[in-house]
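Data block below; observations after.
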Amino acid sequence: MPSAEMVSLISFLAVLLVFFSIDVRSRDSGAPGPWHTRLFEWASRIGGISTALALTLGWVDLFLPDENDLIHVAFVAVPGSIAVTCAIVLGLEMLWQRWDAP
């Protein structure tokens, strides 16, 4: 992946990492709850870890020469895709909370 495109991807992943960091800190992990509460909590954790992994690999790849295939695009795309999926699941949580409201 060219460096210019990698910079855009890293910027997107950095924003996702901030989102997951705020979301994880706002959750009460010790409290037992219904299955969907645990699902959204784990989606936030898995999304944060996947984002951090993809961001780290993308950052390292940014400083390698473009001809070097040491870090394949899939090594960044797979955890990045998992992170985006988790972000979508957490977006659906807003709808779920709306249904639970009295």
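Things worth noting here:
- When the stretch 73-83 is limited to residues that are farther than 11 Å from Ser44 by Cα and touching a residue at least 40 places away in the same chain (Cβ under 8 Å), the one that is most open to solvent (accessible area, probe 1.4 Å) turns out to be Val73.
- In the stretch 1-20, the residues that are farther than 20 Å from Ala74 by Cα and assigned to a loop (DSSP other than H, G, I, E, B): none
- For the stretch 21-36, the candidate set comprises residues that are part of a helix (DSSP H, G or I) and open to solvent by less than 40 Å² (accessible area, probe 1.4 Å); within that set, the residue that is farthest from Pro2 (Cα to Cα) is His36.
- Of the numbered criteria (1) open to solvent by 80 Å² or more (accessible area, probe 1.4 Å); (2) outside any helix (DSSP H, G or I), the one Leu64 fails is (1).
- The listed residues are Leu53, Leu70, Leu13, Leu39, and the only one of them that is open to solvent by 70 Å² or more (accessible area, probe 1.4 Å) and touching a helix residue (DSSP H, G or I) at 6+ places or on another chain (Cβ under 6 Å) turns out to be Leu53.
The values are calculated or read from the model by the stated rules, or taken from the named source; none is laboratory data. A quick note: this is a predicted structure, and the numbers were derived from the prediction, not measured. Ideal geometry is used to build each Cβ from the backbone, glycine not excepted, and the neighbour counts take in all protein chains shown. With ligands, DNA and RNA removed, areas are computed over all heavy atoms of the protein, side chains included. Shrake-Rupley method; radii C 1.70, N 1.55, O 1.52, S 1.80 Å.
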